[in-house]
Amino acid sequence: MRIIEVNAFHYPYMGGIEHRVHHVARRLARKHEVIVLTGQLPNSASTEEMDGYTVMRLPSKYTNIYNPPHIKTPGLLKALDELKPDIVDFHYRWSPTYNRAAKQYAGKKIFTYHNTYGEGVGLTKIPSMVNDHFWRKPLNEFSRIVCVSDFVRNDLVKRGFDPKKLVTVPSGIDMPPKMNVTDGDYILFVGRLVGTKGIPYLLKAMKDIDSKLVVCGGGPDMKKLVKFANRLGLGKKVSFPGRVSEEKKLDLFAGCSVFVLPSIYESYGLAAAEAMSWGKPVVASNVGGLPEVVGKGGLLARPKDPVDLALKINTLLKNDDMRKATGKKAMEIASEYTWDRIAGMMEKIYENA
């Protein structure tokens, strides 16, 4: 098969969707021709071979009003028609040029639904709801809609989407390399610093937690969160290293005692699954796809509730045996979500479509 993955961004830009596209593409490229069609970031090549698949980057215009930035890539449909793929997997629905190309492309196509319907907080929720409302009808033209969690699938069924077209394929993980894993003196958050991640509630909870917190990641809320932490008097308890290298991120996972994901919205929770692969117990909000991911590998807290969040974190910090047993269970759960398995599931969907 000639498979084309369409997403607005790709490496060197790194996010959850980009990781999924990369890991599936590199595995399917062992048997198929795989092309990732994406926008061209500044200082990136127009064409690149990457781990067995081809990256084609089209001239694009970026507007940095949010993270990720708004993107226009006008040549998408023309490129798809010229490449003559057997199947196209569209991953992006937040840009008119990508939505238009997905609607107008007449060949075999599926759509991967990475985020919850109308996801957003504050002012960002309004355009998200409007965009998803107008995106509903075009989705009926796709052979399959792949959902990254049963939560996303069930939510779309409730909204009137055809359940026969909906299939759940979670994101995967690579089991970590052999490193010196320790039960360190800090709890960890990894992710984009945006409103949907609920980080202010974690900062409020830290007032009642006897541990340090590392908030790892970048995003539009960085300065606001640093000021908020200082206003709470947490300057010495909380650090914000920003975006870090992959090696540094692995070190942070290997050394934390508990991983925390206090999201308000979360379709899946890849960062939680990554932490679990290191044998780290997770405390996460009881929202979206997080209960599916965490299972018995952690504790669930009420969303937007700093008191309950602190209680759940302290429960693990103060009970060594429970923390270790939960971490062991977390690793067992994570080992079921290998990228090889996920790529195999996607291959069958492409073939059937």
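A short reminder: the numbers here are calculations on the coordinates, not readings from a lab. Source: prediction; values computed, not measured. Glycine also receives a Cβ, built like all others from the backbone with ideal geometry; neighbour counts cover every protein chain displayed.
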- Ordered by number, the trypsin sites (Lys or Arg not before Pro) in segment 209-284 that occupy a DSSP loop and have at most 15 other Cβ atoms within 10 Å are LYS236, ARG243
- Principal axes first, then extents: for the Cα atoms of segment 186-334, list largest minus smallest coordinate on each axis, whole Å, largest first. 38, 31, 27
- Query: Rounded to the nearest 0.05, what FRET efficiency do LYS348 and LYS164 have when you use their Cβ-Cβ distance and R0 = 22 Å?
  - Reply: 0.85
- Item | Coordinate range along principal axes, alpha carbons of segment 263-315, Å, largest first | 27, 23, 15
- Query: So what's the back-of-envelope 222 nm ellipticity for the chain, counting only DSSP H runs of four-plus at -39500 (n - 2.57) apiece and dividing by all residues, rounded to 500?
  - Reply: -11500 deg cm²/dmol
- Which Rg and Dmax, in Å, describe the Cα atoms of the chain? 20.2, 60
- Nearest 10 degrees, 0 to 90: what angle lies between the long axis of helix 246-255 and the longest principal axis of the chain (Cα atoms)? 40 degrees
- Task: Rounded to whole Hz and in sequence order, give me ³J(HN,Hα) for segment 265-282 from the Karplus expression 6.51 cos²θ - 1.76 cosθ + 1.60, θ = phi - 60°, writing x for Gly and Pro.
- Result: 10, 6, 6, 9, x, 4, 4, 5, 4, 4, 4, 5, 5, 8, x, 9, x, 10
- Task: Can you list which of the GluC sites (Glu not before Pro) found in segment 303-353 are DSSP loop residues with at most 15 other C-beta atoms within 10 Å?
- Result: GLU336
- On Cα atoms only, tilt of 16-28 relative to the major axis of the chain in degrees: 60 degrees
- Task: Please determine, in degrees from 0 to 90 and to the nearest 10, the orientation of helix 306-317 with respect to the longest principal axis defined by the Cα atoms of the chain, where the helix direction is its Cα long axis.
- Result: 70 degrees
- Message: Considering only C-alpha atoms, what is the centroid distance from segment 307-328 to segment 220-247, in Å?
- Response: 23 Å
- When the Kirkwood radius is taken over all Cα pairs of segment 54-213, what Stokes-Einstein diffusion coefficient follows at 10 °C and 1.306 mPa s, in µm²/s? 85 µm²/s
- Given q = 0.15, 0.20 Å⁻¹, what are the Debye log10 I(q)/I(0) values for segment 47-148, with equal point scatterers placed on the Cα positions and solvent ignored? -0.71, -1.21
